[in-house]
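Everything below concerns the one structure shown next.
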Amino acid sequence: MNLILLFPEDFVEPHRARLAGRRLAHVRDTHRAAIGDALTVGLLAGPIGTGIVTRLDEDVLEMEVTLIQPPPPKLPLTLVLALPRPKVLNRVLASATSLGVRQIHLINAWKVEKSYWKSPRMAEENLMHQRLLGLEQAKDTVLPELHLHRLFRPFVEDQLPGITQGTLALVGHPGAVEPCPRQTEGPVTLAVGPEGGWIASELESLTAVGFRPVDLGPRILRTETAVAALVGRLF
Ligand code: SAH
């Protein structure tokens, strides 16, 4: 937690926030903060700044909050991700958020197991929690939008063309002839496949709406590593 995220309901006065629970425990046990210490804080969807600890006991932390700076800019990147298995989903949501992805679309694919959609990790609360962890990690305050699409074909045919409009549309696919471009300028829509990869007809559907398959080299990477490697290479 490199930034403590604050919510409007934490404020007991205009510049005074009161925290309990996970954030209190973290400030006490990990930061080992004491009264008078300055912590980096940010208001969800708002500016970032400093919180001076004014009270710290077993169940309450109070801070005098000054919010002065805008959060870091997002990457001009929309991620279209075949729904990974639940454990990986948590990590990839947090890391995509930390990397600054602006919008995430979780989609179905042939090699996505149906049970993944029913996992408790798909609960709204968890999808929010993982993104909040990503924001706290990266000192950001603005959640990436998250959209779920249970049907591959209608999403690709009806919605993707609108999403990719004006962007460079790339689909990660090991063995693709084109190497992934480096240091692109302008917005990108990036599709990353499931653990078992895209099947031929999915790649055809994606290329039919303008996606170019790109390769990252001979190593097959896990979804979360592939996302990080692709983002590092593109921006
Ligand atoms: N066995 C699968 C591997 C899938 S890895 C296959 O051969 O396709 C999961 C996803 O990560 C892939 O669909 C792709 O989008 C991305 N990815 C992983 N390694 C990659 C690489 N070397 N080049 C491009 N994309 C990669």
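Since every read-out is calculated from the coordinates, none of them should be taken as a lab result. What you see is a predicted model; the values in this text were computed from it and never measured. Cβ atoms come from the backbone with ideal geometry, glycine included; neighbour counts cover every protein chain shown.
With a cut-off of 12 Å between beta carbons, the residues surrounding V209 carry a summed charge of -2, where Lys and Arg count +1 and Asp and Glu -1.
In the chain, what percentage of the DSSP-assigned beta bridges are antiparallel, given to the nearest 5?
The antiparallel proportion sits near 40 percent.
Per 10 Å bin, what is the whole-percent P(r) computed from every C-alpha pair distance within region 77-234? Percent of pairs per bin, in order: 11, 44, 38, 8, 0.
Figure the gain on full extension for I220 and S119 (residue separation times 0.36 nm, minus the Cα-Cα span) and round it to one decimal in nm.
33.8 nm
Which residue, V156, A20, G51, has the largest displacement toward the positive end of the dipole of the chain when charges sit on each Cβ (Lys, Arg +1; Asp, Glu -1)? Working it through, the farthest residue towards the positive pole turns out to be V156.
With the helix formula -39500 (n - 2.57) applied to DSSP H stretches of n ≥ 4, the chain reaches a computed 222 nm mean residue ellipticity of -8000 deg cm²/dmol. How would you classify region 176-222 from its alpha-carbon gyration tensor, with a ≥ b ≥ c the square roots of the eigenvalues: rounded for a/c under 1.5, else prolate if a/b is greater than b/c, otherwise oblate? Verdict is oblate for region 176-222. At a Förster radius of 41 Å, what calculated FRET efficiency corresponds to the Cβ-Cβ distance of D29 and A208, to the nearest 0.05? According to the calculation, E is roughly 0.20. Modelled label positions at R16 and Q69, each set 7 Å beyond Cα in the direction of Cβ, lie 2.7 nm from each other. For region 42-81 and region 82-118, what is the centre-to-centre distance using only Cα atoms, to the nearest Å? About 25 Å separates the Cα centre of region 42-81 from the one of region 82-118.
Got a sec? How would F211, F7, F155, F235 order by Cβ neighbour count within 10 Å, fewest to most?
By the 10 Å Cβ count, ascending: F7, F235, F155, F211.
To the nearest 0.05, what FRET efficiency results for L44 and V177 with a Förster distance of 30 Å applied to their C-beta separation? Efficiency at R0 = 30 Å is approximately 0.10.
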